[in-house]
Structures are given as structure tokens and as C-alpha cells.
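What follows draws every value from the coordinates through simple rules; no lab data is involved. Here the structure is a predicted model, which is why all the values come from computation and not from measurement. As a convention, Cβ positions derive from the backbone with ideal geometry for all residues, glycine included, and neighbour counts pool all protein chains shown.
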């Protein structure tokens, strides 16, 4: 697939949680990681990342601390909290069930009805 | 955990806002720099990389705002910001602010003041223990209306009921002589059963109220004082208990002082125990006493009434002569105290509410006009990322700030208003609770402010939130190019609404004014000029016998007659307009039954009563010396009579004389000469004369049939009134009358000294009060409406200055232009007046009870008031046009 996909409504939160579950990251790092694991197939509006981060932190799914970046600069690192871990599992589970159902519907052949 | 962390994040955010801001800044900058570095690494020139990074990131400020939103700190922040901004906007346009605030402060102040009265009189629970269970007790009679209780009925009710916790009997307010340092003074005394205060559940502020048994064996000579009397007579001295007090020549000792707020019943100064001995309370058939009852907690008031009615029915069977048609009436205490004043108060409160609505419409219009000139500002804010809701909220904050600050001034006005209202409240206005700007009125003011702020802020907020940013910015917000249809529509509706409301108010005031004029012109039946009245009370202890009292009256009349400046003098048991006593009569040949005969007002007089008050003699003659002597002779014989038989024997021998009024003559002897006719009232009476009608009760009610008897008939009345007519001003006679009474008995106080004219004025105070209050509000409404329409027309004309300039430059006549603008105004005014007339017909129905001599739908009043309002409104339209036409067309053309 060449064209980049727009992010589905409400999935950004889940992606961020997944990204930080693999290890603490700063905001730019999260963006890079999502692009990397999606093999550049997803487009994320850079500015929209931060309100999502602030929301997740406010809800207690992730927490942040200041640290030093790879090139020795001050950066804010986010990591998953215990509550965030549970949240990610629940969201992923819900997502999988949903895609199964939808895939099932879309894969229906005329003779199966 | 999450709640906790949320709170922590909110708290941190709030407390360390500046730290958060700088952190957010660092974080976002880091992001862009890191991205730019990556771009440089991939071969992009550094400058281009930085630019790309910024573009791809998107709106930085918008992102920041969204981040702040996520932390939920914005709410408080926004309100703070909005309030600050609102304050800045308001101080920037002081003219607008002062006008708006003055309008609102007056509206809120007047409403709060009147609400204080409504609250104290109609809403706040009466200051008794469990006030919902306290009721007033009355009886019915054959004649319509409610009657006071008879002593014997009361005792039976109290003994036989099963639904009342207790009942208590008390007397009307009577004037007593109180001996003081500088001679005697008058005080209003109520005699009560000993359980009166404990039944109500009120305590004395100093000392105690009556104890059980103090109403037995003639009644203990103890007295409870009102706070007012304690301050006036005893200078509020603390060592008051046990102090002696001489009432009508008998010594009482003070046992307590009631709190200042306690005012039941009425304006009593002193309470003393009522002698509850059965023989002192009077017989069945003589309705003398007032009573209160406390219904048992678990019993409904309707049940209590049913209980008393069963007892009354039993008594009716037991005493068919005296208790025919005597039934029980149970009235909740508040209704009994407030009576028909509640409708008056609600009308006034409704009216003042309308004034506030008009004020709101005015301020809403001012805000609308301003909102239009602020469209540019709003459009810029919208373009910078402010949501519609956010903009509407800012405008609402502005209007609420405006209304709250105005409300602050309004409360100050309310304090002044309540003081003024209290000073001028009609004496008939019961105040079971003190009228004050307390917690409830202040809460009312606050809620009103918020409601009002939202109400008048809503229109501009709605209008502005629908702004199309692009269009507005393109039109550069020029005043001529940016008005919308919706804006016009809103403004016109508001002005039409204002006109409708003020028309309704003006019509209400007009109807009351006509009522007032009608009452002023009403024939009371007396000529009050140069007539002074006063009251004396002859204490029983000193004036025991009939002849002692008669001698006093004879001598006093003689002294008054020869006093310098006195033309005519009389003594009476009853003055015009002040009510009094009545009794059943029987006319031989017109069979009407014993106690159920026609009811006739009775007044006993001595001296030149008809002459002093110029009551015309229509037929026959006035009383002569012989008539008084005959009655005296009869009384001397009938008073010592012990048994009913002895009394009847005396009664049979006599035919006394009476003078009757015109209504009585026409009622009982229509188309006949009443002189010489006989009627029975305890004794046979012969009509010797017929005089003109005099209003006995309120000015607004009709004259009743009335009979005048020689004073000897009623010499044992507790108080007698003096009537003197002089050459000059009535007030000048006060000294003469006072010294005549003093010279005869220094211990007698002269009470209620006032000119007859004052009695007439006082009897109309409620109407006067209503008229002044409603008239004031109507004038205020008229001014507000005129200002409103002037404001809108100035604005409209201002918008059309350019057009007017072009038209004038092209040779349009002045008249044509004036006509063009006035037509626009007239349409709005016409709709407003039409709606107002419709509203007034409904509103006037509600105040029908206050009107006399004028119908609630009175075409003359309606047309007159509507015409006046239309004229004022058209004038308000014309002024801006005239100003616009004075403008040089060249300037007008450049006005865009």
C-alpha cells in the first residue's frame, strides 16, 4: 500500500499507549516509533500528538519525567503506568474483536446469507 | 488512583501554571528541533528544515490551547480571563456602563426591596412554633361575614373539641390611659387568656409571659410590654421587671418585655391577662372576642373545622334563640393577618418584575448594538481558533459581571427602598415578620442578578456566535455593511416588548389613579373642614356609675362649647369611617324573627354632632334635651334590674327616640315618611328625624342603614370620641380640647387627636399607597421604554446616515425623510402597543379587587395611556432623525 492512511478516530490513544509500552519515549520519539512500526503507512498530524499525550497523562494511563535525549538535550519522557497497561490490554482486546466482526461481515459471500 | 492523580495533575497545573507553560514550551520546541535535525540529516538546508518542521507541526498556539484544555485548567483560567476582560471592556466604555448599571441597579434594587416585603408578609413562616397549625377562629351569623366569638360559645368549643391542642381567647385592641411623668398618655392594650403566648410558642426577651392561672379570679394585675412601648415609656431600662404601671387607674406590675419582632396582634403596646370568669365574658349572641387555636400536629385543619362545626350545630339546637345560624370558621393564621392585602402585594411585585424585564430589554439592546460594533473583534477571535461556545461564554461572562456589579448597587438601593417602604407602609399592613433585607432577599437579589445577566446576555451571545468570520473580516466590520437581518429582528422585538410591558404597567397605574380620583370625589357624607376629633377613655374604677359618667360628659361638653374658637361640639361613640358596632332591629309588622332581623349600624351621640360634621337633616328634627332625659331616665331604671322579667317590665313602659339615616329610611319604609315610625332594638324606638348617609366603614364600601341614639344609651362604652368644629384650622383646636379634658380629670389621656380630614386621608392610605407605588413604577417603565426606543432609533438612523445624505443630496424633502424613518419606528411601536393592550386586559383582571368606580377594561384609560405612550415613543424616534438631517450631506456621504 503506497498511500498513507488517515488515523481512525480514537485510535491515536491506543497507538500511543502501545508505543510507550515498549519503553519510555519522548513525544517526537513516539511519533517516530509509530511511523516505524506502521512502516510509514499511517499519517499522524504532529501537533495532534501532544493534546493526546496530555489527556492520557491527565487520565493516569501514562506518566512523564524529564530526561536527556540521545543528543544530550532536555526532553520529556513518557512511560506506561500500571493502569495504562491494563487499559492497553483492554483496548487491544476490544479492537481485535471489533476487527474480527467487521472482517467477518465484509467477507460474507452471497451464498452464506 | 485515577481520581487522585487527576486531582494532582489539576492541582499541579493550577498551582504551577507558569512552570507548566514553560515545560510545554520546551517540550514542543524540542519536538520541532528534533524533527528539523532529522530533516537536516536527510540533506535539507537548515533554514528550510526549520520551516518545514514548523509547518508540519501545525498551529503551535492551538496545540498549546488544546493541551491546556486536556488538563482541565482552562475553565478557571477562562473565567478569570473573561472577568478581567469584561472589566476592561466595561471601563473602556463608561457611558454605556453607567447607563446599563443604573438601569439594572434600579430594577434589581426595586425588586429586592419589594421582595423583602413579600417575603416578610407572605412567604416567611410566621414566627411561631409550628406556624402551619395556628389558626384564627371566627363565627358566622345570620348576616353575612365573619363575626368574633361569643364567650360562652368559645368555652364550649374549647371544652368539647378533640382536634385542637389548645385555644386562646383575646380582646380587640383598646386604648387605655397610662399614667406617666407628664400626665396620662394613651396605649393600645390587648387582654389575652394566660395561655396566649405559650400557644403561639413565643417567649419574652426579658422576664416572662403569663403563667397558668393568671387569667383566673378577676385576672392578675401583671403586664407584658411590647419592645416599642418599653423603649418609649421606660427608656429601655433593664431593671424593668416588677415596675409598676398604672392602666386606667389600676396598678399593674411589669413581668416581661416581648422581642422587637413580635407584632401579633397588630400594634399592641401592652398585653394584660383577660379575666376568664364566665360571667365576665358575656352571653351567647354578643360577639366580642377574637381567638386563636393550635390544631393538633397530626390533625388536618379541615378536620379541625369539621369538629368545630359539629359542636356549633349541637349548640344551635341547644340554644335556638341565640345561636341560630352560628357556625364555625377556621382560617389559617397568615390569611387572617394578611387578608386581602396579599393580592395588592402580588400586583405590586408583578409590576416591579415587569420594570426589571423592561430594564433587561434595554440593556440587552445596548449590548446588541455594541455586539454589532464588536463583530470584527469576534471574527478575529474566531479566526484565531476560539470556538463559538467559547465566544458566547465570554459575552455571557461580560453581561453577568455587569449584572452582578449592578446588583451590588441594587442591594444598596434596596436597603434605602426598604427603609422608605417601612416608613410609608400603611398602618393596616400587618407585619408578622419584620420587613428587612435579610438572607432570603439577598439570595433573591443574587439569583435575580444571575438570571438577568444570562437573560440579557443571551441575545448578543447568540447573535455573535453565528458570525461568519470570513464575511465579517472582508466587510471590515464597517458599521453600515455588517448588520444582519437577525440583529434587526432581535432589536425590534426587544423594543416592541418593552413598549408592550410599559403600556401594561401604565394602564395598571392609570386604573388605580382613576380609582383614587373616584374615592377622593366620593361623598363621605360629612364636611371635614375645621373639624378636630379626639378620644378619651373613662376608666371604670373612677367612673363607676351611670350618673358619674353622664356628669363627666355634660361638663366636658359645656366646657368645650364655651371654649374660644369652638363653634360646635359633640361627643359620640363612633366616628365616620372608623367602623363600630351594629345590632339587629325588629320592625313591628315586618316579621323578620328575633336574632335574624336586619342589621343596623348604631351610633350614640350627644351635642351638636350633625352640626359639627354638617350632616344634613332631611326630615323631622334632631335630638332635643327631652330625648336625652328620657333615655337617661330609662337607663337609670333598667340598669338596676336584676332578672329578665324586671328588665322586660321596664322596657315595656318606654318608647325612646332615634334619628336614622337615609338608607335606613329607604330600606325599611320605602316611599314613606319614616318620621314617626317605630322600630325595636332592645326597646321600642320612635324615628324623630332622618339625616344624610355617612360612610361607616371604608370609603369604597356603601353606606349601611344606621340609627343614631342619645349618648345616654351607650355611656358604658369603653371610649368616647370628641368632635369639635372651629373657625380656623382643625389642628389649632387640639390645645383647647386638651386643656378642657385636663381641667376635668388630669389622669385622662387624650388619644388619637386628629382632624376629621386626616381620618378620611388615612382611610384611603392603601389606595394612595398602591397608586403612588404603581404610578412610580409606571413612570420608571415609561422612561426606560423611551430610552430604549431612542437608543434603537439612534442606532438605526446612525446606520442610515449615509443613505440619508445621499437622499438629501439628490433633493429629498426633509418631510419625506422624517416620514421614512418614523414609519419604521411606528411599525415597532404599533406592534408593541397592540401586544401591550392585549396584555393589559389580562393583567387588569388580576387587579380587579383593587379597583373601585372603574372597570378593569376601561376604554378611556386604555386609549389615553396608549396615546401618551405612542407620542413619547414617536418623539424618541424623531430626535435622532432630526440630528441626522442636520449633518452636512458631504460628511454623511463619507460616513461609510
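Taking 0.36 nm per residue of separation and subtracting the current Cα-Cα distance, fully stretching the chain between residue B:813 and residue B:493 would add 112.2 nm. Seen against the Cα atoms of chain B and their longest principal axis, helix B:859-886 is set at about 30 degrees.
Between the Cα long axis of helix B:60-70 and the first principal axis of chain B there is an angle of about 40°, rounded to the nearest 10.
Centre-to-centre separation between the Cα atoms of the stretch B:124-162 and those of the stretch B:90-105: 55 Å. For chain B, the Stokes-Einstein estimate of translational diffusion at 20 °C and a viscosity of 1.002 mPa s comes to 63 µm²/s, using the Kirkwood hydrodynamic radius over alpha-carbon pairs. Helix B:765-799 and the long axis of chain B differ in direction by around 20°, with both axes built from C-alpha atoms. Here the spin labels are modelled as points 7 Å beyond Cα on the Cα-Cβ line, and at residue B:820 and residue B:882 they lie 2.0 nm apart.
Residue separation times 0.36 nm, minus the C-alpha to C-alpha distance between residue B:383 and residue B:752: what's the value? Spell out each step's value before the answer.
Working: separation 369, 0.36 × 369 = 132.84 nm, distance 7.67 nm.
Between residue B:383 and residue B:752, full extension yields 125.2 nm more.
Would you list B:263, B:324 from fewest to most Cβ contacts within 10 Å?
On the way: B:263 20, B:324 15.
Listed from fewest to most nearby Cβ atoms, that is B:324, B:263.
Going 7 Å from the Cα of residue B:727 along its beta-carbon direction, which residues of the stretch B:740-782 have the amide nitrogen within less than 20 Å of the resulting point? Hits in the stretch B:740-782 for residue B:727 at 20 Å: B:740.
Given the C-alpha centroids of the stretch B:282-302 and the stretch A:43-112, what is the distance between them in whole angstrom? Distance between centres, Cα-based: 79 Å.
Model label points for residue B:23 and residue B:442, set 7 angstrom from Cα along the Cα-to-Cβ axis, are 4.1 nm apart. For the stretch A:5-112, the average shadow cast by the Cα convex hull is 8.0 nm², which is a quarter of the hull's surface. Its DSSP H runs of at least 4 residues, each contributing -39,500 (n - 2.57), put the calculated 222 nm mean residue ellipticity of the protein assembly as shown at -18000 deg cm²/dmol, to the nearest 500. Looking at the stretch B:591-737 from every direction and averaging, what is the projected area of its Cα convex hull in nm²? Here the figure is 11.1 nm², rounded to one decimal. Site pair residue B:871 and residue B:655 shows an inter-label distance of 6.5 nm when each label is modelled 7 Å from Cα along Cα→Cβ.
Consider all pairwise Cα distances in the stretch B:316-459 and report the whole-number % of them above 27 Å.
Numbers: 4987 of 10296 pairs.
Result for the distance tail: 48 percent.
For the residues B:197, B:682, what sequence is obtained by ranking on other C-beta atoms within 10 Å, fewest first? Numbers along the way, then the final one.
Details: B:197 23, B:682 14.
By the 10 Å Cβ count, ascending, the order reads B:682, B:197.
Considering every residue in A:81-88, what mean count of other chain Cβ atoms within 10 Å of its Cβ is obtained? Numbers along the way, then the final one.
Values: counts 3, 1, 3, 0, 0, 0, 0, 0.
Neighbouring Cβ atoms belonging to other protein chains average 1 per residue here.
Using all pairs of distinct alpha-carbon atoms, the Kirkwood hydrodynamic radius of the protein assembly as shown works out to 36.6 angstrom.
Under the definition of partner shielding as Cβ atoms of other protein chains within 10 Å of a residue Cβ, what is the mean value for peptide B:29-36? Numbers along the way, then the final one.
Details: counts 1, 8, 12, 3, 4, 11, 4, 0.
Across B:29-36, the average partner-chain Cβ count within 10 Å equals 5.
For residue B:521 and residue B:890, the FRET efficiency from 1/(1 + (r/R0)^6), where r spans their Cβ atoms and R0 equals 60 Å, is about 0.45.
Rank the residues B:664, B:348 as a footprinting-exposure proxy: fewest other Cβ atoms within 10 Å of their Cβ go first. Please report the intermediate quantities before stating the final value.
Working: B:664 27, B:348 21.
So the residues, fewest neighbours to most, are B:348, B:664.
Translational diffusion of the stretch B:131-338, estimated by Stokes-Einstein from the Kirkwood radius over alpha carbon pairs at 10 °C in a medium of 1.306 mPa s, is 89 µm² per second. Rg and Dmax of the stretch B:483-586, both derived from C-alpha coordinates alone, stand at 28.9, 92 Å. The mean number of Cβ atoms from other chains found within 10 Å of a Cβ in peptide A:56-68 is 3, as a whole number. Taking 1 over the mean of 1/r across every pair of different Cα atoms in the stretch B:743-833, what Kirkwood radius in Å do you get? One decimal place: 18.6 Å for the Kirkwood radius. From a point 7 Å beyond the Cα of residue B:243 in the direction of its Cβ, which residues of the stretch B:264-284 have a backbone N at a distance under 16 Å? Answer for the stretch B:264-284: B:269-271. Is any residue of the stretch B:766-792 close enough, with backbone N under 18 Å, to a label point placed 7 angstrom from the Cα of residue B:842 along the Cα-Cβ axis, and if so, which? From the stretch B:766-792, the list is empty.
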